[in-house]
Amino acid sequence: MNKARDSLGTMSSIKQVINDAVEKGKEVYEKVRQPNPIRLRDLIRQIRSAKTAAEERAVVNRECAYIRLTFREEDSVWRCRNVAKLLYIHMLGYPAHFGQMECLKLIASPRFTDKRIGYLGAMLLLDERQDVHLLITNSLKNDLNSSTQFVQGLALCTLGAIASPEMSRDLAGEVERLLKSSNAYIRKKAAVCALRIILKVPELMEMFLPATRSLLSEKNHGVLITGVTLITEMCLQSPDMLAHFKKIVPNLVRILKNLIMAGYSPEHDVQGVSDPFLQVKILKLLRILGCGDSDASETMNDILAQVATNTESSKNVGNAILYETVLSIMDIKSESGLRVLAINILGRFLLNADKNIRYVALNTLLRVVHADNSAVQRHRSTILECLKDADISIRKRAMELCFALINGNNIRTMMKELLTFLENAEPEFKATCSSKCVLAAEKYSPNVRWHIDTLLKVVEAAGNHVPDDVVSSTIQLISETRAEQAYAVGELWRHLSVAQLEFQPMIQVSTWCIGEFGDLLLNGQADVTVEETQIIEIYQKILWASQCSITTKEYALTSLMKLSARLNQEVGSIQQVVSAFGSHLNIELQQRGIEYSQLFTRHNHMRGPLLERMPPFEGVRGNGTEGEKGGIAITNGLDNSPDNQSLLNDLSSPNNNNNINSTHENNESNALLLLLGGIEPGEGDTVQAVTSPATSTINATPAPRSTVNADILDLLGLEPGPTAPSNTTTSTSPAQLSHTNNSSSPALLLDGLLNNTSSTTTTTTAGIASLSTPTANSTTLPTNNFIIPQSLSQPSVPGIVAYDKNGMKLDMTFEIQDSVTTINMLATNTSLAQVTDFLFQAAVPKSLQLQMMTPSSTSMAPSATLTQVIKVNNPSKVPLRMRMRLSWQANGSVVQDQGEISHFPPALWQ
Amino acid sequence: MMHYLLISKDGSVQFSHYFTHSSPSSRPTTEARVIAKCTNADKDACHFLEDGPHTLVFRWFGPCMFVVAADHSENELMIYEFLSLYVNALHKYFGKFSEKHILLNIERLHMVLEEMVVAGELLEPSIRNALSPIQMLDTISSR
């Protein structure tokens, strides 16, 4: 019996074991078939424990593959977890767009947890793709109409984050309705949504207007703060709204007063200040409403004074409020007493130990310096101290402020400090700082000697970070002030004789000047005694130094060549050096070497006249705008010459090719002779040369010509031949002139031009070469004539004004090369505000190709300019039209405009 | 207007939230640049840096650095204060906020932020008001 029971027991236990095993097997099978996805935190751990980037990528890829699989299987149980993981993967910078649809599915789910993750995913993952937007718009619409406030809130949050213009239009009605909701939680979110909507579609502003006004009679700070933000944005966007909201100034003053007077409220207290966030928002709105309006300013005077005096300045929040208050006081038409108070607050800020506060003070002074220069001047010494601060942000602001403070009275002291600053500044500062020094010296220098000294110091202090325009400004200044040339060349020799060869700009300036005015150095006019051999030694050092750049060597070689006409004994050694360059590895230098050698041998008799001094550059330094205007005017007696005219036309037409040589050779030589020899002394002082594609072909097949003509043409015929007369003022980049003045190859000329275009775009387009007429032997040989092509622009195509609105002017000039039209756009800020984030976008008809170069800058001070080159390829020669879109920031608001340019000159495609 | 908020530790991004649209492909490079810029600043240096069209405001909380990129027209000191407001909100929500919460509850960081900032504008200056809907949702979800 017992036995039987035992065996029964054994049986049942065996059964049990078998059953267990089967269950386990099932479980294992389930697991293998569909393992539970790892949790987000485990994934993060795995990713973090990856030792290399490759390992991390492997983990992510494995997980992504798995997540894709579950998405495909429509697994809704783990969808939420998988999307959460995907969000993390997305944050690491891996592509996760395949999760977009899953987010939409989660959003449509009735469960809160799913909805939350779904909306979060939508906010983070959605890009600008339209199809997904359409789907989410429907979900949003449903949820905005939901009866649960949290669902509405989630939808509003998401809409605020991702609304596109289409979505804004579709859902504006819902948002407007929720803006009037009785629930503060919904109202504040609706207000931010409305803000986003009017940013996307400004026309919808009207619709929100009634609901917005009532937001201000609110107790809840969340609603108040979003309401104020919304009104601020409306006022910034539209002048009508600004006028409309003028009447709420008393309301705002009352709210602000309540905030200051209110006792301690734990809910909104930050370091003892009652809701500083709201205070700052209100102050900002007051500033916008009171700007230029004396009535509104009157109303807010008292409260601003109250805030300025009562706010505790020992804590960060207090200072934040004071900062905003000062800005408001300076922007509105406030009483003078109040302004003094504001400037004094900034003075206290400047002395604050906290760097953040000092930075803010400088920032504010920079913003108010245009409104009240004298008040800011009082803090000059403190600001100069900030130039020596260890903090880079503070130094940058201080530098900008210093340049704003320079005037005729303080330039000497300011420049001294700024030069010290420049010497020790970080490389990133040197370029801007040296450019600004040059501009300031230009504007306020007390005398020429000081001006030259300053520029030389700037070039020296900025080392290799001198922008090209500073080099050219310096050269130009020396070239045009005859009285100081001896002094300058003496100084430069002193620099050069001890120069460290790694600083190129100084050597460039020095060699240019010594080449031009070397005789002053030798005849004792300069305050130094120099031996000719010393000069040659230095030049040899420069020319063979490995630290010197090719450009510097080009300067030096040309300069040395010039010296061969200035020195007496060392001409032989110059010839040696120059001819040695005939085998230089750099093709440019080699070419110069060979060409210059010719001037010692075959054309030795012309060397002297050819190497005469350059005529002084006239016109505006540094700033290309005025030269630009001058570049269009072409009036000169030579215009009447038919030969010259026809030649010009022929050569400037884009269809030029080889046959020009044979057919127009006669014309060409005539014209050149006419130009070179036939000019009456004193008449037509300047001649503009135009390079064109044809010039290279002239060079390629030189035709035999006779005697003197041939000589001239050999030399000058190599240069771009056609010459367009013009007596416009020259505004040239001397750097380029020195590049090109002695050379005789168009390739080289073009090289020189192209090399420089990036750095000196303004001067290049403005450039006009000068060719002064010989007075002594005007009939046979030119004495000091160089035809210097400066501008690639074709004078036959007039420039246009493409845009002139909203304080922004766009001028376009054109260059044609075969089917490619190069548009040089010059944008001028004609407003009084600083323009930043300038963006010019353009589109052309499909048969054309458009290439936009990067603009020279994206910000412009008042009346400053920037340039941008646009290339249009027009192979089928269709009339050129262009749609453009412009945007920039001025006074803290974005200006946008678009339009079509259809008045391009027909010459561009005919 | 604020554009994005980053939390970084040891020079790598731990958390990022974008308030305005930016192309996903350019984000990693921007983030790396911004974080390098802010981490390289001296400890006692000014906490505001210029970064193209944005002003970067950064603040250290223990080992974590919080960075906000905002328009130049924003009040830098107020953004600086906002960072501490956000951290205080996180402290209150998590009990004591530490970096492990970034690891374990990254979606909560987003949610708290969403209750405080939408479309780059401050929504709610009161921590209690900002947290109450999240806490209420948490209780509903856990049911």
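Numbers below:
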{"quantity": "Condition broken by A:Leu278, with the remaining ones in (1) surrounded by fewer than 20 Cβ atoms within 10 Å (Cβ to Cβ); (2) in contact with a His (Cβ under 7 Å, 6 or more places away or on another chain) satisfied", "calculated": "(1)"}
{"quantity": "Tabulated pairs, segment B:103-117, first facing chain A (nearest Cβ under 8 Å), second hydroxyl-bearing (Ser, Thr, Tyr) and surrounded by 20 or more Cβ atoms within 10 Å (Cβ to Cβ), C-beta under 8 angstrom, 6+ apart or interchain", "calculated": "B:Ile106/A:Tyr88"}
{"quantity": "Residue in segment B:43-64 that is part of a helix (DSSP H, G or I) and more than 10 Å from chain A (Cβ to nearest Cβ) present", "calculated": "no"}
{"quantity": "Of all residues making up segment A:219-240, the number that are out of contact with any strand residue (DSSP E or B) (no Cβ under 9 Å at 6 or more places or on another chain) and more than 22 Å from A:Leu154 (Cβ to Cβ)", "calculated": "10"}
{"quantity": "Check on B:Ala69, farther than 20 Å from A:Arg367 by Cα, more than 10 Å from chain A (Cβ to nearest Cβ) and of a type in the set (A, V, I, L, M)", "calculated": "yes"}
{"quantity": "One residue from A:Arg45, A:Arg39, A:Arg62 being modelled with pLDDT of 80 or more and within 16 Å of A:Met91 (Cβ to Cβ)", "calculated": "A:Arg45"}
{"quantity": "All positions within segment B:115-127 that are touching an Asp or Glu at 6+ places or on another chain (Cβ under 6 Å) and farther than 19 Å from A:Cys193 by Cα", "calculated": "B:Ser126"}
{"quantity": "Candidates A:Asn352, A:Asn363, filtered to the one that is modelled with pLDDT of 85 or more, among the polar types (S, T, N, Q) and in a loop (DSSP other than H, G, I, E, B)", "calculated": "A:Asn352"}
{"quantity": "Hits in segment A:79-115 - residues which are over 24 Å from B:Thr139 (Cβ atoms), hydrophobic (A, V, I, L, M, F, W, C), within 8 Å of chain B (Cβ to nearest Cβ) and more than 34 Å from the chain's Cα centre (by Cα)", "calculated": "none"}
{"quantity": "Hey, B:Thr20 within 10 Å of chain A (Cβ to nearest Cβ), surrounded by 15 or more Cβ atoms within 10 Å (Cβ to Cβ) and in a loop (DSSP other than H, G, I, E, B) or not", "calculated": "yes"}
{"quantity": "Verdict on A:Ser314 being away from chain B (no Cβ under 11 Å), out of contact with any helix residue (DSSP H, G or I) (no Cβ under 6 Å at 6 or more places or on another chain) and either modelled with pLDDT of 85 or more or not in a helix (DSSP H, G or I) (or both)", "calculated": "yes"}
{"quantity": "A:Ala390, sole failed condition from (1) over 17 Å from A:Leu327 (Cβ atoms); (2) touching a residue at least 24 places away in the same chain (Cβ under 8 Å); (3) under 27 Å from the mean Cα position of the chain (by Cα)", "calculated": "(2)"}
{"quantity": "Among the residues listed as A:Ala864, A:Ala827, A:Ala842, the single one being out of contact with any Lys or Arg (no Cβ under 8 Å at 6 or more places or on another chain) and either under 26 Å from B:His54 (Cα atoms) or among the aliphatic types (A, V, I, L, M) (or both)", "calculated": "A:Ala864"}
{"quantity": "Helices (runs of 4 or more DSSP H) enclosed by segment A:77-190 - at least 2 residues per element that are among the basic types (Lys, Arg) and touching a helix residue (DSSP H, G or I) at 6+ places or on another chain (Cβ under 7 Å)", "calculated": "A:79-91, A:112-125"}
{"quantity": "Qualifying positions in segment A:795-832 - polar (S, T, N, Q) and not in a strand (DSSP E or B)", "calculated": "A:Ser796, A:Asn806, A:Ser819, A:Thr830, A:Ser831"}
{"quantity": "Number of the condition not met by A:Ala843 [criteria: (1) among the aliphatic types (A, V, I, L, M); (2) surrounded by 18 or more Cβ atoms within 10 Å (Cβ to Cβ); (3) over 30 Å from A:Arg367 (Cβ atoms); (4) free of Cβ contacts under 8 Å to residues at least 60 places away in the same chain]", "calculated": "(2)"}
{"quantity": "Given (1) within 14 Å of chain B (Cβ to nearest Cβ); (2) over 31 Å from the mean Cα position of the chain (by Cα); (3) among the basic types (Lys, Arg), number of the condition A:Arg339 does not satisfy", "calculated": "(1)"}
{"quantity": "Wholly within segment A:415-527, helices (runs of 4 or more DSSP H) carrying at least 2 residues that are farther than 30 Å from A:Glu385 by Cβ", "calculated": "A:468-480, A:485-497, A:504-522"}
{"quantity": "Filter pass, B:Tyr93 being free of Cβ contacts under 8 Å to residues at least 60 places away in the same chain, within 22 Å of A:Thr229 (Cα to Cα) and assigned to a helix (DSSP H, G or I)", "calculated": "no"}
{"quantity": "Breaking point among (1) in a loop (DSSP other than H, G, I, E, B); (2) within 12 Å of chain B (Cβ to nearest Cβ); (3) more than 27 Å from A:Thr420 (Cα to Cα), for A:Lys333", "calculated": "(2)"}
{"quantity": "Residues that are without any contact (Cβ under 8 Å) to a residue 60 or more places away in the chain and crowded, with 18+ Cβ neighbours inside 10 Å, drawn from segment A:883-910", "calculated": "A:Gln889"}
{"quantity": "Any pair with Cβ under 7 angstrom, 6 or more apart, that starts in segment A:255-275 at a residue that is facing chain B (nearest Cβ under 9 Å) and ends at one that is of a type in the set (Gly, Ala, Ser) and assigned to a strand (DSSP E or B)", "calculated": "A:His268/A:Ser274"}
{"quantity": "B:Ile35, sole failed condition from (1) surrounded by 21 or more Cβ atoms within 10 Å (Cβ to Cβ); (2) more than 13 Å from chain A (Cβ to nearest Cβ)", "calculated": "(2)"}
{"quantity": "Residue selected from segment A:535-557 under the condition surrounded by 16 or more Cβ atoms within 10 Å (Cβ to Cβ) and farther than 17 Å from A:Met506 by Cβ, by the criterion modelled with the highest pLDDT", "calculated": "A:Leu557"}
{"quantity": "Subset of segment B:72-102 [in contact with a helix residue (DSSP H, G or I) (Cβ under 8 Å, 6 or more places away or on another chain), of a type in the set (Ser, Thr, Tyr) and either surrounded by fewer than 20 Cβ atoms within 10 Å (Cβ to Cβ) or within 11 Å of another protein chain (Cβ to nearest Cβ) (or both)]", "calculated": "B:Tyr80"}
{"quantity": "Residue check, A:Ile255 in a helix (DSSP H, G or I) and either over 16 Å from A:Ala191 (Cα atoms) or more than 35 Å from the chain's Cα centre (by Cα) (or both)", "calculated": "yes"}
{"quantity": "Pick from segment B:112-136, criterion in contact with a Lys or Arg (Cβ under 7 Å, 6 or more places away or on another chain) and in a helix (DSSP H, G or I), ranking: surrounded by the fewest Cβ atoms within 10 Å (Cβ to Cβ)", "calculated": "B:Leu131"}
{"quantity": "Filter result for A:Ser819 (under 30 Å from A:Val878 (Cα atoms), modelled with pLDDT of 50 or more and in contact with a Pro (Cβ under 6 Å, 6 or more places away or on another chain))", "calculated": "yes"}
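The values are calculated or read from the model by the stated rules, or taken from the named source; none is laboratory data. Everything numeric in this text was worked out from a predicted model, so none of it was measured. Cβ sites come from the backbone with ideal geometry, for glycine too, and all protein chains shown count toward neighbours.
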